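Report on the structure given below.
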Amino acid sequence: MGTMVLISCQLEADIKGFVIAGTQSGCGKTTIALGLMAALAERGMRVVPFKVGPDFIDPGHHQAVTGRVSRNLDGWMLGRETNRQIFSRGVQRSDIAVVEGVMGLFDGYDGLSEAGSTSQMSKWLDLPIVLVVDARSMARSAAALLQGFENFDPQLTFAGVIFNRIGSQRHLQYLQEALRDHVQMPCLGGMQRDENLSIPERHLGLVTREDFALSEDALSRLSEQISDAIDLDRLLHRVPDCRADALPHPSAPSKAGGRVRIGVARDRAFCFYYQDNLDLLTSSGADLIEFTPIDDAALPPDLAGIYLGGGYPELFADRLEANRSMREQILAVSRAGMPIYAECGGFMYLGAGIEDLQGRSYAMTGCLPVDTRMLPRRRSLGYRQVTMKRQTLLGGPDEVMRGHEFHYSEIYRTAAPLDRVYRIADRDGRGEGSDGYAVRNTLGSYVHLHFGSHPPAAENFVACCRKYISTQGE
């Protein structure tokens with residue numbers, strides 16, 4: 001296993017940063033976060049976004065609005081210092097960081113601690129909180145609600161509250177009156193209901209930016225509404241300048257060898273990737289070449305490996321099946337021993353076929369002898385700890401990584417015995433979830449692993465790709 005070489009990263013100047021948190025899921029914090037990002041960018045600020053939790057979809061929308069990559073921060077998959085490193089590197093060459101929280105402010109793994117919560121991440125990063133409250137059918141009760149949030153954890157700092165889905169300016173006035181003499185955090189404004197600015201949902205959450213991009217008109221309208229409804233000057237005044245630590249940055253090991261080309265599936269069917277996974281592959285010596293299994297007739301040339309992320313292959317199963325040349329080429333390089341790593345939707349694509357909810361079956365690549373089928377209800381959700389049973393593309397026996405599993409499908413048929421190479425447990429240590437399956441140098445699982453939980457995994461994958469490409473001239 002290689003050893004990571006660490007170099008320091010320096011920031012140009014002090015920046016501002018804050019966390020957008022909600023009182024509960026569904027209060028509209030994503031819409032508010034996107035609007036604030038757009039409005040601040042409209043002011044000429046260089047906005048860098050982040051997302052607390054394992055979600056892939058919100059970061060895609062963040063990037064569409066800001067033009068900057070949005071990175072995941074997570075209190076269970078990653079430790080405190082790793083999260084601080086990700087934040088420190090991400091905010092370089094920016095003016096303000098906007099961190100969208102997960103669920104309600106204090107919601108984490110259980111009811112006993114702050115572990116995995118937005119409040120924990122706020123303290124780890126030393127950032128103040130802007131609290132979003134769904135104010136429908138609420139007036140004076142808002143003061144009692146906010147008083148509870150304000151006093152629950154004295155270590156937290158609140159920059160202010162934004163009331164969402166207010167009925168009128170008179171409604172906002174009632175809310176502001178209720179806060180007087182009861183709550184310290186100021187009201188930064190209120191957003192009226194506008195269903196035209198909501199993002200549609202599907203079974204894994206909001207639709208992706210690949211399927212639903214806010215039009216320039218809608219984005220402009222959202223930015224304008226935020227600017228009119230929210231006191232941005234007061235918000236910026238309430239958010240102090242901060243300097244992120246000059247923390248270590250991973251770079252390629254000094255004896256890494258030559259760079260290799262790894263194909264990364266990227267289209268409407270495959271779009272779920274942790275940005276830090278891609279960055280760690282790049283710093284370990286990979287040049288990442290994007291391709292689309294939906295539309296490209298052939299793989300990019302001179303590949304040494306393939307990375308198939310998650311997404312919605314079931315929604316594009318007919319087009320994936322129709323692209324026979326791509327399916328056959330992936331099967332051929334799998335049989336030739338090319339390293340191929342796949343997660344969730346990518347794992348389904350590596351199987352023999354996908355059956356939809358209507359019972360229709362679609363042929364996939366056949367690299368793994370499994371058939372998957374969609375279910376009307378969620379099959380699995382939760383954090384996973386993965387221990388390697390044997391040497392794999394990502395590491396050797398007893399090496400441990402962490403990730404997340406969320407899917408509405410299952411394996412319902414296998415055509416041959418499967419080599420199960422993962423030992424999987426949930427966050428409480430109980431056996432849970434789906435195994436990892438390996439055939440030759442092809443590895444797939446329903447689990448989305450975060451390479452930041454075990455950075456040598458990226459080095460191991462790149463090393464396997466180098467080994468493969470070195471044998472091709474023999």
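Read the figures in this text as sums done on the coordinates, not as results from a lab. Since we're looking at a predicted model, the values are computed, not measured. Note that we place each Cβ from the backbone using ideal geometry, even for glycine, and neighbour counts take in every protein chain shown.
From the alpha carbon centroid of segment 350-389 to that of segment 390-460 is 14 Å. Using a cut-off of 30 Å between alpha-carbon atoms, which lysines can reach residue 467, once sequence neighbours fewer than 8 places away in the same chain are excluded? Here the lysines satisfying the reach criterion relative to residue 467 are 255, 389. Listed from fewest to most Cβ neighbours within 10 Å, the set 367, 271, 27 follows the order 271, 27, 367. Beta-bridge orientation, the chain: approximately 45 percent antiparallel, per DSSP, counting only bridges with both partners inside.
For the chain, the longest principal axis of the C-alpha atoms and the axis of helix 29-42 are separated by about 80°. Going from the fewest other Cβ atoms within 10 Å to the most, the residues 388, 364 appear in the order 388, 364. The label-point distance for residue 357 and residue 241, in a model that sets each label 7 Å from Cα toward Cβ, rounds to 5.3 nm. Compute the angle between helix 57-66 and the longest alpha-carbon principal axis of the chain, please, reported from 0 to 90 degrees and rounded to the nearest 10. With both axes taken from Cα atoms, the answer is about 70 degrees.
Taking label positions 7 Å along the Cα-Cβ direction at both residue 155 and residue 440, the computed distance is 5.1 nm, reported to one decimal. This ranking places 76, 124 by how few other beta-carbon atoms lie within 10 Å of each, fewest first, which gives 124, 76. Which lysines have a Cα less than 16 Å from the Cα of residue 16, not counting those fewer than 8 places away in the same chain? The reachable lysines, counting only those whose Cα sits under 16 Å from residue 16, are 123. Computed packing ranks the peptides 83-90, 411-418 as 83-90, 411-418, most packed first, by mean other Cβ atoms within 10 Å.
The local environment of residue 292, defined by Cβ-Cβ distances under 9 Å, has a net charge of -2 under the rule Lys, Arg +1 and Asp, Glu -1.
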